[in-house]
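Student: Can you read through this structure? Questions will come right after.
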Amino acid sequence: MDNFRNTNINNIENATVIGDNRLLRSSFSWMSLAMLLTTLAALLFSQVPALTSFLLTETDTGFKPTLLAYVAMFAPLLFVLGIRFGLDKLSYGALVGLFIAYSIINGISFSFIFFIYNIGSIVNVFLSTTALFAVMAIAGYTTKTDLTKLGSLLFIGLIGIVIASLINLFMQSAGFDYIISILGVIIFTGLTAYDVQKIKNLGYQVEGSSLSSKMGIVGALTLYLDFINLFLFLLRLFGGRKD
């Protein structure tokens, strides 16, 4: 899994278009399925009252999250760790199952954004994220520049915004949150190009190996995380909140 961040592409010969696209196609296909499942789960649990009741319960003082809501918010991290560290130990079918379950549970947790932001605003930010992600994915695929060093810097920046976000949980500073969101957009925009280039070149390394199918799932998870984090940071910057 660490190859997605640390492999030096200078050591990889140019692959044929068919060879270096196979892993990338697999990664984008699984990512697209995950995005579809996440979107459907988010819409269903936010728009269908019978399902919303599993996440929110009414009290004398208003609504409060249920146990399922807390599970949906914190369980995705466990799924990500399971996929990342289970690459060698788990079967391909088990990785697929974890990835699908993760995308659905993530969608359930994302249903809360429909309670906070206007649906029109969510749609606009989603379309903007899709366009930006596509542009950076194409840039990462077509550029001949080695993005390894850039990826290392972006990963350090990612650790920085995670720490800053934890600090801001206690500070509750709107200005600090705004800065974190801007940096988050910059970092995940760059990581999109970096990860696409990395997966493209790793496709040549694992071509024909038993790891190829599993790497497709890990690649999909990487791209999926880039997209949803870019979306969430853009939503924090430009999303229109409900009154």
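Student: Listed highest first by mean packing, meaning other Cβ atoms within 10 Å per residue, what order do 74-84, 187-197, 159-169 come in?
Tutor: Put in order of decreasing packing, that is 187-197, 74-84, 159-169.
Student: While we're on this one: Provide the three semi-axes, in whole Å and in decreasing order, of the ellipsoid equivalent to region 3-238 as defined by the square roots of 5 times the Cα gyration tensor eigenvalues.
Tutor: 32, 21, 16
Student: Another question, if that's okay. Does region 108-243 come out rounded, prolate or oblate by the C-alpha gyration tensor, with a ≥ b ≥ c the root eigenvalues, rounded set by a/c under 1.5 and, if not, prolate when a/b is larger than b/c and oblate if not? Write out the running numbers ahead of the final one.
Tutor: Details: a/c = 2.10, a/b = 1.69, b/c = 1.25.
Here region 108-243 falls in the prolate category.
Student: Ordered by packing density, taken as the mean number of other Cβ atoms within 10 Å over each peptide's residues, highest first, how do 110-118, 137-145 rank?
Tutor: Result, highest mean Cβ count within 10 Å first: 110-118, 137-145.
Student: I've got another one for you. Quick check: net charge around ALA220, other residues with Cβ under 12 Å of its Cβ, Lys/Arg +1 and Asp/Glu -1?
Tutor: Details: positive: ARG25, LYS214; negative: ASP195, ASP226.
Computed value for this residue: 0.
Student: Given region 3-238, what count of lysine pairs have C-alpha atoms under 20 Å apart, with each pair 8 or more places apart or on different chains?
Tutor: 7
Each value in this text was obtained by applying a stated rule to the coordinates, not by laboratory testing. Given the structure is predicted, the values throughout are model-derived calculations rather than measurements. When we count neighbours, we look across all protein chains shown, and the Cβ atoms used for this are built from the backbone with ideal geometry, even at glycine.
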